[in-house]
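Worksheet: one structure, shown below.
The values are calculated or read from the model by the stated rules, or taken from the named source; none is laboratory data. Please read all numbers here as calculations on a predicted model, not as lab measurements. We place every Cβ from the backbone using ideal geometry, glycine too, and count neighbours over all the protein chains shown. Side chains included, ligands, DNA and RNA excluded: accessible areas come from the protein's heavy atoms. Shrake-Rupley method; radii C 1.70, N 1.55, O 1.52, S 1.80 Å.
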Amino acid sequence: MRAMTTIEILKTVDPVQPSNALEGEDLVAMLTTMLRIRRFEQRAKELFLDGRIKGTAHSSIGQEAIAAGACKALEPDDFILTHHRGHGHTIAKGAELSRMMAELMGKAEGYCYGLGGSMHIADFERRILGANGIVGAGMGLGTGAALAERLRGSGAVGIAFFGDGAASEGIFHEAMNLAAIWKLPLIFFCENNLYGLTTPSAGVIAGGGIARRAAAYDLPGHRIDGNDAAAVHDTVLRAALRARAGEGPTLIEALTYRWDDHSMRANLPRYRTEEEEEQWRHVDPILRLRDRTAEAGLLDERGYGGLATQVEREVEDAIDWASALPEPELETAQALVTVPRREAFEPEPPAGSRAITYAQAITEAMHQEMARDEGVIVLGEDVGQIGGIFGLTRGLLEAFGPERVRDTPIAEGVISGCGVGAAMSGLRPIVEIQLFDFVSLMMDSIVNQAAKARFMMGGKPTIPIVFRGPQGAGIRLAAQHCQSLEAWFAHVPGLEVYTPSCAYDAKGLMAAAIRSDNPVVFLEHKLLYLGDAAPVPEAPYAIEPGRARVVREGGDCTVIALMAMVERAVQAAERLRRKGLSVEVIDPRTVKPLDMETILASVRKTNRAVVVHEAVRFGGIGGEIAAGIMEQAFDWLDAPVRRLGAPEMPVPYNDRLERDYMPSAQDIAGAIEEVCYAQ
Ligand SMILES: Cc1ncc(C[n+]2csc(CCOP(=O)(O)OP(=O)(O)O)c2C)c(N)n1
Ligand SMILES: [Mg+2]
């Protein structure tokens, strides 16, 4: 089939009723913004070719009308989230060219301290909540930012910009659905430049266009001419009015074309015809607006020339300023990964005599922290009325209401994305993961967004969010509901990973997790939910992460055990006591940060160590602990460190096999004896 010509494509747009909100000076202002964007992009490309900008960047030449028109329709307090091709949006929202240029050059005074580059530029003061290197991610984050504005009652609205390629990501549908059911003040703005990298969108978008997908969510969907700044402005203005009135989101699909290659680095074989590229140059958004301002008598040729010269000077000044700046320092960069702890922790209180279970302890901490800080909210599947399938959020809906305790659709991508967006915007979300295995569907939000946002945006946002839920085997739920996954997260800089093994720790660590300004992966264990009540103080308290607990003292061997293995290690120690061996059991309580000091002090005393976790042994956190001991206490060791974990297989369903799969007290005792009697 013959590809449609530009004129044919632009005929498929919906008519846009002029808003009459644009004065002459607004048209000139939009034109100036567009010139600024174009000049910035042209010079960025030249600097890349000269080797002065070293990383990649994605040019938005040809798409300037979208950035200028959309941002002109926003108020200063309104937010935007943008994507890899985001220079235009950030410039239109007021970002400083000099700091943008500095960031592209990787300089310390760039918007991200030179740590994020073009794809992560953010300016929180101007409510630019960040560009993003993950296609579609801004839509999930946008739901959270919009939710934060809603809960604050600020009246602000936001735009999540994305490309036509992103409209095929699951997050597009999950985010639209969530925004629609919660009537969030968010505008979904798709820049359909007809290609996702080299793939023509016509061949990968089912249903006759992206805007039509709005109908599935009962939202307004508009397909507009993205090279007409006034049409973009008027459409966004209406969508913003609707959002401010509490009527929820709008989907806008603006047809446009990028003139340059996909990215500066791309250097791809040809995938578009010269004829097509030429046709789109004829509908240059800048020349169209220039002609309009000329026809309206707002700007003559000289006036336009003056604008262009002024913009050229601005861009050159930005380049000169940025070029002279120093490079960032590795030490400073490292300090930006996480937020340093602000206050010292109180000493841990005595356990007292009141006994509650591990599950009740976690609930109590959430309850107390929600009462203490109204920014704490809970998101998750079935967390409201029934309090989650294991009942841990029971009572929170009654106590804090449906605005703060939110039942979500079964949509892990957007539950987690919404949480991260809300955390970036000042809330403290607790995201329940019904069973931790489902975290695989949240990995982008946790690993690429929550863990990295602070660092790659130069230490700007704090991401105070808790991802919590049960992991582990023992109740016959089989391989997709029973994994032990702490090592996945411990491997990612920027995340904290808590692994409580008893009720007292569960309460104190949950409070610490909620109060932490860093993202925390809070792992609970299903078998521990079923455990007996144990003494836990009633008053709130927080346990300092990175402080291991010596569960039991001993002199012959140190066992470092995690979660459900702690109790088994204690049982093993009891058995061996009868055989004359004295075993020290240490529970790290948090694997990130990890308290190697306490572990090393113990090993230097006992000269032997066994590490035990339920997770698969290969690549497990036990390897890290064992290596740490070997590196720092080798001279004290009388035997190699032993590691126990699950074998190289998924968790079996059959109950006998499942029992055999998990390290038992007997297995632990056997390993201790091996290291104690090693020659
Ligand atoms: C989740 C994800 N998949 C793939 C990529 C690699 N990638 C970067 S941009 C891009 C094309 C995106 O197309 P579109 O959304 O239409 O935006 P455009 O580049 O056209 O502005 C791809 C595939 C990525 N960054 N993230
Ligand atoms: Mg595209």
- For the chain, what is the mean residue ellipticity at 222 nm derived from helices alone (per DSSP H run of n ≥ 4: -39500 (n - 2.57); sum divided by total residues; nearest 500 deg cm²/dmol)? -12000 deg cm²/dmol
- Message: Quick check: pseudo-label points 7 Å beyond the Cα along Cα→Cβ at Thr12 and Thr198, how many nm apart are they?
- Response: 2.3 nm
- Message: If I stretch the segment between Gln42 and Ser154 completely, what's the gain in nm (0.36 nm per residue apart, minus their alpha carbon distance), one decimal?
- Response: 36.5 nm
- Item | Cross-link pairs Lys507/Lys592; Lys11/Lys54; Lys507/Lys605; Lys183/Lys592 - those with Cα-Cα distance over 29 Å | Lys11/Lys54; Lys507/Lys605; Lys183/Lys592
- Task: State whether region 474-553 is rounded, prolate or oblate according to the following rule on the C-alpha gyration tensor (a ≥ b ≥ c being the square roots of its eigenvalues): a/c under 1.5 gives rounded; otherwise a/b larger than b/c gives prolate, and the remaining case gives oblate.
- Result: oblate
- Query: If you average over every viewing direction, what projected area does the convex hull of the Cα atoms of region 328-428 give, in nm²?
  - Reply: 9.5 nm²
- Message: Quick check: net charge around Ala411, other residues with Cβ under 11 Å of its Cβ, Lys/Arg +1 and Asp/Glu -1?
- Response: -3
- Note on the structure: In degrees rounded to 10, the 0-90 angle between helix 503-515 Cα long axis and the longest Cα principal axis of the chain is 20 degrees
- Item | For region 625-679: span of alpha carbons on each principal axis (Å, largest first) | 44, 22, 13
- Where a ≥ b ≥ c are the square roots of the eigenvalues of the C-alpha gyration tensor, would you call region 149-190 rounded, which needs a/c under 1.5, or, failing that, prolate if a/b is larger than b/c, or oblate? oblate
- Item | Sequence of Ser98, Ser168 when ordered by accessible area, the most exposed leading, probe 1.4 angstrom | Ser168, Ser98
- Task: Would you please put 83-91, 482-490, 528-536 in order of how densely packed they are, using the mean number of other Cβ atoms within 10 angstrom per residue and starting with the highest?
- Result: 83-91, 482-490, 528-536
- Percent relative contact order for region 46-201, counting Cα pairs under 8 Å at least six residues apart, stands at 21 percent
- Query: Against the longest alpha carbon principal axis of the chain, how many degrees, from 0 to 90 and to the nearest 10, is the axis of helix 665-677 turned?
  - Reply: 70 degrees
- Message: Using a 7 Å offset from the Cα along the Cα-to-Cβ direction at both Ser440 and Ala351, what is the distance between the two label points in nm, to one decimal?
- Response: 3.7 nm
- Taking Cα atoms only, Rg over Rh for region 538-679 with Rh from the Kirkwood formula is 0.97
- Quick shape check on region 436-491: root eigenvalues a ≥ b ≥ c of the Cα gyration tensor, a/c under 1.5 is rounded, otherwise prolate if a/b tops b/c, else oblate, and it reads prolate
- Message: Just to be sure I understand the model, the point goes 7 Å from the Cα along the line to the Cβ. What's the resulting Ala479 to Ala29 distance in nm?
- Response: 6.0 nm
- Message: Can you tell me the orientation of helix 596-606 relative to the chain, as the angle in degrees between its alpha-carbon axis and the longest Cα principal axis, to the nearest 10?
- Response: 20 degrees
- Query: Binned at 10 Å from 0, what are the whole-percent values of the Cα-Cα distance distribution for the chain, short to long?
  - Reply: 3, 15, 23, 22, 16, 12, 7, 3, 1, 0
- Based on the mean of other Cβ atoms within 10 Å per residue, sort peptides 323-335, 125-137, 189-201 so the most packed one is first. 125-137, 189-201, 323-335
- Whole number in Å², please: accessible area per residue of region 72-167, 1.4 Å probe, ligands, DNA and RNA not counted. 24 Å²
- Item | Size of charge dipole - the chain - debye, nearest 20, with Cβ of Lys, Arg +1 and Asp, Glu -1, no other charges | 900 debye
- Task: Starting from the Cα-Cα distance between Asp373 and Leu241, subtract it from 0.36 nm times their residue separation and give me the gain in nm to one decimal.
- Result: 44.4 nm
- Calculated FRET value between Glu329 and Asp291, using beta carbons and R₀ = 45 Å, to 0.05: 0.35
- Note on the structure: Extend 7 Å from the Cα of Ile181 along its Cα-to-C-beta direction; within region 382-400, residues with backbone N under 16 Å of that point are 382-389
- Candidate cut points under chymotrypsin sites (Phe, Trp or Tyr not before Pro) in region 548-637, DSSP loop plus at most 15 other Cβ atoms within 10 Å of their own Cβ, are Phe618
- Tail beyond 14 Å, pair distance distribution of region 119-183 (Cα, percent): 59 percent
- Please report the relative contact order for region 118-178, taking Cα pairs under 8 Å with a sequence separation of at least 6, and give it as a percent rounded to a whole number. 32 percent
- Note on the structure: Of all trypsin sites (Lys or Arg not before Pro) in region 563-613, the ones in DSSP coil with at most 14 other Cβ atoms within 10 Å are Lys579
- Query: Full extension from His282 to Ala206: what is 0.36 nm times the residue separation minus their Cα-Cα distance, to one decimal in nm?
  - Reply: 24.5 nm
